[in-house]
1. Report, by residue number, each residue of segment 68-92 that is under 30 Å from Val142 (Cβ atoms) and touching a residue at least 40 places away in the same chain (Cβ under 8 Å).
2. If you check Ser270 against the conditions, is it within 27 Å of Leu394 (Cβ to Cβ), under 27 Å from the mean Cα position of the chain (by Cα) and at pLDDT below 95?
3. With the structure loaded, tell me whether Ser214 is open to solvent by 30 Å² or more (accessible area, probe 1.4 Å) and touching a helix residue (DSSP H, G or I) at 6+ places or on another chain (Cβ under 7 Å) or whether it fails that test.
4. Considering only segment 224-238, I want to know if a residue exists there that is acidic (Asp, Glu), open to solvent by 60 Å² or more (accessible area, probe 1.4 Å), in contact with a strand residue (DSSP E or B) (Cβ under 9 Å, 6 or more places away or on another chain) and more than 20 Å from Pro258 (Cα to Cα).
5. Identify all residues within segment 371-400 that are of a type outside the set (D, E, K, R), part of a loop (DSSP other than H, G, I, E, B) and more than 18 Å from Ala440 (Cβ to Cβ); write none if there are none.
6. Inside segment 107-158, can you point out the residues that are β-branched (Val, Ile, Thr), more than 15 Å from Asp170 (Cα to Cα) and in contact with a strand residue (DSSP E or B) (Cβ under 7 Å, 6 or more places away or on another chain)?
7. Regarding segment 55-74, can at least one residue be identified that is basic (Lys, Arg) and either part of a strand (DSSP E or B) or touching a His at 6+ places or on another chain (Cβ under 9 Å) (or both)?
8. Go through (1) in a loop (DSSP other than H, G, I, E, B); (2) of a type in the set (A, V, I, L, M, F, W, C); (3) within 29 Å of Tyr310 (Cβ to Cβ); (4) over 41 Å from the mean Cα position of the chain (by Cα) and name the single condition Leu413 misses.
Amino acid sequence: MRQITFYLLSIVLSAFMSSCHDEEFEKISWSQDALLLIKEGISFSSDKTETVLKFTTKSSDISVSSDEAWIDTSISLIDGNGELRVNISENPDISSRQGIVVVSSKGETTIIHITQEGIPRVVPENNCYYLHNGKGEMSVKVQAGSLPVAEIYPENTDWIKVEKVTAANDNEYIITLTFEKNDGLGRIASLDFKINNQSAADNCGPCIIQEPASLGENVEISVEKPGSLQVLLGNEASNLNRIRSLKIIGPVNGLDFPVIKSLLSNQENSYAQNPVSIDLSECTIVAGDKNPFEYYGWNPSKRYEDIFLYGEIPSDVFTNAVNLKEIILPEGLKIIGMSAFKGCKNLNKVQIPNSVEEINSKAFYDCLRMEDIQINDDSNLSSIGNQAFTTGSLLKDLTIPMTVMTISSEAFLGCSVSRLHLKWQEPLTVRIVPNTEECALFVPKGTADLYRNTRNWSNFKEIVEE
């Protein structure tokens, strides 16, 4: 009897031990590397990435899940060797995020903590900061996932520096800057950021622009790159209004003309109070509106309509500039745009450079005090638009060079001139000629009879060969 009892106990104990052995074998056995990650949690950068945890198990009943949409998991199992794949999508936010991965098998649960860093970006409160020309201190508020390092760009900038970076609130930091007094033209710098030794600027900037020192009545400015005037001369109207004479040396484009135009006024009394002379003789007009400070993060708000061609005074650019006293146009100029000087009532004279090929419609319309539009005999002028010389004044002399082959039917409509010099060996027929009263017509030697027998030119009482 005792032998039977012992036999039965042996069978029960053997079955129990076998059951415990099978249950133990069916548990997940993680690799050493995986155990370390499970214990400490898995940290990911902000980029899209993947990690693999290896394990062994007898069980085929394994499930994995996560309640976060940015965590994607999967398990593969072959002959007791398994891999848990954890795929993390890119984090678009500056803040870090947390989640968990749950692995279950035979009532056993493994929880894996997941942390993903925020994108290493610094987001400034403003894209551009304007400073007065004196010495001072300023603050720039930024958002970032962790403490950023702030630096000045370009590296050799010595008029502004970073004093400190302090935490304000969660993900919010204050950059304290000090800057020196400006005794010259306007200047620009930019802030550059790093987080964990990585560049943390989503775009360039923010930019910091310091206004120039007080401008005098006579300003001569040399520019290296077109589009620089808004920074070099600044945006303070009270400072710009001091200028009575402006000479620009170097290239300009569609970003510069708003600055030049800001010196001019359409107010009737502005000529007496603020007459302005502009010298572009050593200036080159460049097509387009390319931004020379793009890498500083500067995005200019003032642009003139696209200048499509090299060497073009844009259409309407000086329209109704009643305080424009004098302008010297650049040699190399090709086009004077439509209505470019329309309504410049106090402009007295203008020298058209030999390089000009087109004077477009109403270029000098309603320039009531215009006495002299100087066009040389050896000019390359080839085209004249309607009412180009309808100044509303009496011009002393006007020369039309032999190179002009396209002249609009109303080019001389309303034009009054004392001495008109035509250089055509064979007169072109025009529908309207300048006012013939008290106007002498000068023509090349040997062509007077041709003009006297040509329609409309024959209306001149005085035709003189020269």
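1. Answer for segment 68-92, where residues must be under 30 Å from Val142 (Cβ atoms) and touching a residue at least 40 places away in the same chain (Cβ under 8 Å): Glu68, Trp70, Ile71, Ile88, Ser89, Glu90, Asn91.
2. no
3. yes
4. Looking for residues that are acidic (Asp, Glu), open to solvent by 60 Å² or more (accessible area, probe 1.4 Å), in contact with a strand residue (DSSP E or B) (Cβ under 9 Å, 6 or more places away or on another chain) and more than 20 Å from Pro258 (Cα to Cα), one finds none in segment 224-238, hence no.
5. Scanning segment 371-400 gives Asn376, Ser379, Asn380, Leu381, Ser382, Gly385, Asn386, Gln387, Ala388, Thr390, Thr391, Gly392.
6. Result: Thr109, Thr110, Ile111, Ile112, Ile114, Thr115, Val140, Val149, Ile152, Thr157.
7. Within segment 55-74 (the criterion being basic (Lys, Arg) and either part of a strand (DSSP E or B) or touching a His at 6+ places or on another chain (Cβ under 9 Å) (or both)), the answer is no, since none of the residues qualifies.
8. (3)
The values are calculated or read from the model by the stated rules, or taken from the named source; none is laboratory data. This one's a predicted model, so the numbers in the text were calculated from it and none came from an experiment. Cβ: placed from backbone, ideal geometry, glycine included. Neighbour counts: every protein chain shown. SASA here: full protein model, heavy atoms, side chains in, ligands and nucleic acids out. Shrake-Rupley method; radii C 1.70, N 1.55, O 1.52, S 1.80 Å.
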